[in-house]
Amino acid sequence: MTTSSKLLRTLALTACLGLSVTACGSNGAQPAQNEPSSSSTSTPSESETGAPERAGADLVIWADDLRAKALKGVAEEFGEANGITVAVQAVSEDLQTNFVTANTAGNGPDVVVGAHDWIGNMVQNSAIDPLNLPEAQQAEFSDIALKGVTFDSKTYGVPYAVESIALFRNTDLVPDAPATVEDLVASGKASGAENPLCLQQGQEGDAYHMYPLYSSAGGYLFGQTPEGDYDPTDLGVGGPGSIAAAEKEAWLAKEGALKTSITGDNSISLFAEGKCAYLVSGPWATADVKKAGINYALSPIPGFAGMEPAQPLTGVQAFYVASKGKNKAFAEQFLLDAAATPETMDALYEAEPRPSALKDALAKQTAADADTAVFAQAAEGGQILPAIPAMAGVWEPLGKAHAAIINGADPAQTMTSAGDAIRAAIG
Amino acid sequence: MPARTHAPTEASLPRTATAGTGPDGPGRKPAPAHRSLSATTIAIRVALLGAVAAVVVWLVPVLVAQERWIGLAGLLLGAAALGAVYSTSRLVPAKYLLPGTLFLLALIIYPIIATLQLSFTNFGDGKRGTKEEAIASIIGSSVEQLPDSPVYALSVGTQGSTTDGPFTFFLVDAESGEVSRGDAEGLVDVPADEVEVAKGRVVEADGYTILTPREVNAAGPVVQEFTVPTENGAIRAQGVARAFEGRTALQYDEAADRIIDTRTGESYGIGLVGDSEFFVKEDGAPAFSQSWLQGVGTANYERIFTNDVIIKDFLRIFAWTLAFAALSVGLAFGLGLALAVILNDSRIRGQRLYRSLLILPYAVPAVIAILVWSSFYNRDFGLINETLGMRLDWFGDPWLAKAAILLTGTWMGYPYMFIVCTGALQSVPSELREAAVMDGARPFTAFRKIILPLLMVPVAPLLVASFAFNFNNFNLIALLTEGGPFTADNPYAGGTDILISYTYRLAFGGAGAQFGFAAAVSVLLFILTAVIAAGQFRATRALEDVN
């Protein structure tokens, strides 16, 4: 004990001295005064681990792991055509936060790849610049994709894919696509599967996956201005439509079709194991379902009988020009010339089969793959996910309201107080 | 989990028998006259001081370039102090105190001051940059392409420098193929024989140097801000090889500090929305989502003390935070101590094997362990309910959720306590126990009256540290229950929320990240934790009297 402790103390002391040197170094290197980073607050450390050091290249692109890999080839080609070096860096966690922070500090990338509902927050942080897409080029994109990247009547990015959710069914258990939610519940229960429907909620709820059912009963998130922008002062949560939806959810829970024990972690695997008759999920589930080797088919999510059709939320994935990038001219050039090409679309589609934003590429994909056709149709008919910053205050309270209702809370009261909580949060 | 991240061990083990071989290793003896430094010591000292010098040489240009004067001053003072103290053979006490002091300043005092500073600002989403940056972004974003205007293939030419200009735009109309030349004066047609066009772009022009794409990019803002005035707007570059005719819809009037919309004539002045200034419409609503970093005085603190939602749940959550921290430490310590005592008995075979197995949970990364545990608790598909044949709604019932938190917390925390107690037990001389038994004490009494008090001397400060750690154990709560379950009428305060997870949600769950507010909350939490820890250390001082 004593010898080993002596050794340890020696080591510790040495380490201390070594560290004290680096400590005063890092003290100096840290932002001096009014550039506080998240590290000086009490935020959990995970949020600051993901951002890489900006690579030294003529054009730097940040994307998530999957996209970064898929973009390597496209980026290299663009680099060769322009005689420059292009680096694609993968940011595996919190890409948006890391990007906004790095950009504010002036050491972010030139191009960032991400979902369109980041636009509101990125714009209020002055992190991205709008892009003037020539009209001829605009016409090549599907309407819903363009609508996604349009914020305050300006185009903020070049879209490459749209995503939405649809209904998977295990054709061994339920051969035919249901016409209504009532059909779905009846056939799901009759199939003998452990769970008629796998729709991920968990204890915290999941407003995104619940939205199709919520919209069918008349619920909405934000109303729209005459120009088509979302209006943060017109909140749909707590309104009559949302309460009708809440009552439907309570009924579905009673039927065993909605459970808080079905989460984002287990819903896809439960379906793949044949324990769910139906699954509500997106293109990201296809690979797992195919790998499991079960017989499945896709169809649009049905609405409740006698109510509106179910509209999923449509997300758009896009490229953006960073406002403080060191190579803005190349960044804009990349978006105009390289991002919106069929080759880029194909590369990203191969990485994950989300329907492409370019009409030509999409036509090819839907002809070749029936699943993509269903997802494209769902995205086309979906409600574009609100990109306004106020949306940040909606997800949690609305999700928790869904979970509480499934767990047996009073539907009307729960939805009303969720609306109040959201209004208080977004001010 | 408790105390895994901090190192109170260093300070709290009372028997600091020997000092190590730092640069000051042999200088431990008080009489400098007998000092004779060995070659190794000198080498180590030179190497470490050299490293300090190297760091200074490396960082000074960086800090000067970034104009971080305070950081620079701190670096130089720290380096000077290190150099002065370790290059002489005097100042022996300072040799011991300086590294710790530097650590204290760099890793504790500085972050606290930075957090305190931050708590008096509105820093957060939409309020990150300066006012100038916000205005530039608002104006810059208002450039719109004129309807039906042509798209041009752009070549940038210059008769001066390729980095500073003056620049001239050579434009080829993508449809008609007509070539024109534009500068600050305006646009003129260019006869075909003065330029050479290839692949739809001007590649050579008489009297001009055409910039390569790389040069256009490098010229950056100079090219980006260059415009060629036209009848309805201006032609500006987009990327390195295109240009479009657009119009800036908004203008900033610096004298009046207002933004004017040239299309409608409306103008927006500064107004206060919440705590922050925005450019507002006449009705007081923000006209643009961009705001900027501002000092807001004590507004963040006022918000904490006047917000109904916060006040309403604070006491309940504070009580659970205390209970959670105390119980996690108590349970982990109880289990760890019991196992340590049992395995300390030399009659047990395979002591080492048991000990290695028991500290396994310590070797599993916390994040993974918590996520695996969280799947165990699933009501319908979880391991625990399946094994027990029950359908307990672990995360749906507030008391079961609390039990789940404590169970997982104990599982993660006991190996640390086990290691600490095993070490401490081995340092208690066995004669003491034997003597007690000889005097007629029963084994349990001997343990309680003799061993435990001796054990508590080194262990008690660790328990205090573990308590403080668990008081702010964000990971466990956030990854296991996310603070849930929540009641139907309150999505902000859950059944297992502790102060840190609760305030994290308040600061980041609503309208984006609000770092200023979060900093104010952190300062208050820091004060609260400090007061509690101070009280506990005062209480444990009584234990040291045992020695």
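Just so it is clear, none of the values below were taken in a lab; they were calculated from the coordinates. As the structure is a computational prediction, the values presented were derived from the model and not from experiment. A quick note on method: Cβ atoms are made from the backbone with ideal geometry, for glycine too, and the neighbour counts reach across all protein chains shown.
Take every DSSP beta bridge with both residues inside chain A and express the antiparallel ones as a percent of the total, to the nearest 5.
70 percent
Across the stretch A:318-427, the volume of the C-alpha convex hull divided among the residues equals 159 Å³ per residue.
Legend: translational diffusion of the stretch B:143-248 by Stokes-Einstein, Rh = Kirkwood radius over C-alpha pairs, 20 °C, 1.002 mPa s; D = 159 µm²/s. Site pair A:Ala55 and B:Val364 shows an inter-label distance of 3.7 nm when each label is modelled 7 Å from Cα along Cα→Cβ.
Model label points for A:Asp183 and B:Arg258, set 7 angstrom from Cα along the Cα-to-Cβ axis, are 6.1 nm apart.
With K and R counted +1 and D and E -1, the other residues having a Cβ less than 15 Å from that of A:His402 yield a net charge of -4. Peptide A:199-207 has a mean of 4 when you count, residue by residue, the C-beta atoms of other protein chains within 10 Å of its C-beta.
Cα axis of helix B:92-103 to longest principal axis of chain B: angle in degrees, 0 to 90, nearest 10? Once rounded, one gets 50 degrees.
Other chains' Cβ within 10 Å of B:292-298 residues: what's the mean?
On the way: counts 1, 4, 0, 1, 0, 0, 0.
Whole-number average of other-chain Cβ neighbours for B:292-298 is 1.
Between B:Leu506, B:Asn490, B:Pro429, the Cα set farthest toward the positive side of the dipole of the stretch B:305-544 (charges on each charged residue's Cβ, about the Cα centre) is that of B:Pro429.
Approximating the spin labels as points 7 Å out from Cα along Cα→Cβ, the A:Glu308-to-A:Lys291 distance works out to 3.7 nm.
Averaging Cα coordinates gives a centre for the stretch B:266-311 and one for the stretch A:56-107; these two points are 35 Å apart.
Taking the Cα centre of the stretch A:124-260 as origin and assigning +1 to Lys and Arg Cβ atoms and -1 to Asp and Glu Cβ atoms, the resulting dipole is close to 360 debye.
By how many nm would the segment from B:Leu432 to B:Arg247 lengthen if fully extended, with 0.36 nm per residue of separation less the alpha-carbon distance?
On the way: separation 185, 0.36 × 185 = 66.60 nm, distance 9.02 nm.
The span from B:Leu432 to B:Arg247 would gain 57.6 nm if fully extended.
Against the main long axis of the alpha-carbon atoms of chain A, helix A:207-216 sits at an angle near 30°. Kindly put B:Thr168, A:Thr180 in sequence by how many other C-beta atoms sit within 10 Å of each C-beta, fewest to most. If I rank by nearby Cβ atoms, fewest first, I get A:Thr180, B:Thr168.
Chain B: D in µm²/s via Stokes-Einstein (Kirkwood Rh, Cα pairs, 20 °C, 1.002 mPa s)? Write out the running numbers ahead of the final one.
Numbers: Rh = 30.6 Å.
D, rounded to a whole number, is 70 µm²/s.
Of the residues B:Ile451, B:Ile405, the one with the fewest other Cβ atoms within 10 Å heads the list, and the complete ranking is B:Ile451, B:Ile405.
Give me A:Tyr349, B:Tyr301, A:Tyr320 ranked fewest to most by other Cβ atoms within 10 Å of their Cβ, as a rough exposure proxy. Provide the component values of the computation, followed by the final result.
Details: A:Tyr349 23, B:Tyr301 17, A:Tyr320 28.
In increasing order of surrounding Cβ atoms, one gets B:Tyr301, A:Tyr349, A:Tyr320.
Extension gain for B:Leu371 to B:Ala73 (0.36 nm times residue separation, less C-alpha to C-alpha distance): 102.8 nm.
Note on the stretch B:353-423: semi-axes of the ellipsoid equivalent to its C-alpha gyration tensor, largest first and rounded to whole Å, are 26, 13, 11. Other residues with beta-carbon under 14 Å from the beta-carbon of A:Thr85 carry, at +1 per Lys or Arg and -1 per Asp or Glu, a net charge of -1. Of the peptides B:353-363, B:522-532, the order by per-residue mean of other Cβ atoms within 10 Å, starting with the highest, comes out as B:522-532, B:353-363.
Which three semi-axes in whole Å describe the equivalent ellipsoid of the stretch B:161-313, each the square root of 5 times a Cα gyration tensor eigenvalue, listed largest first?
Working: eigenvalues 465, 66, 35 Å².
Computed over the stretch B:161-313, the values are 48, 18, 13 Å.
By how many degrees, between 0 and 90 and to the nearest 10, does the Cα long axis of helix A:359-368 differ from the longest principal axis of chain A? Computed tilt is about 60 degrees. Rg and Dmax over the alpha-carbon atoms of the stretch B:402-547 stand at 20.7, 69 Å. Let me check I've understood the local charge: for B:Glu144, count other residues with C-beta under 9 angstrom from its C-beta, Lys and Arg +1, Asp and Glu -1. What total comes out? Surrounding charge for B:Glu144 is +2. Across all directions, the average flat footprint of the convex hull enclosing the Cα atoms of the protein assembly as shown is 48.1 nm². Counting only Cβ charges, +1 for Lys and Arg and -1 for Asp and Glu, the dipole size of chain A around its Cα centre is about 1080 debye. What you get for chain B, charging only the Cβ of Lys and Arg (+1) and of Asp and Glu (-1), is a dipole of about 4860 debye around the Cα centre.
Legend: mean number of C-beta atoms from other chains within 10 angstrom of residue C-beta atoms, peptide B:386-396, equals 2. Estimated translational diffusion coefficient (Stokes-Einstein, Kirkwood radius over Cα pairs, 20 °C, 1.002 mPa s) of the stretch B:305-544: 107 µm² per second.
Scaled to the compact-protein estimate 2.2 N^0.38 Å, what is the alpha-carbon radius of gyration of chain A, rounded to two decimal places? It would help to have the intermediate numbers written out before the result.
Numbers: Rg = 24.1 Å, N = 427, 2.2 N^0.38 = 22.0 Å.
This ratio for chain A stands at 1.10.
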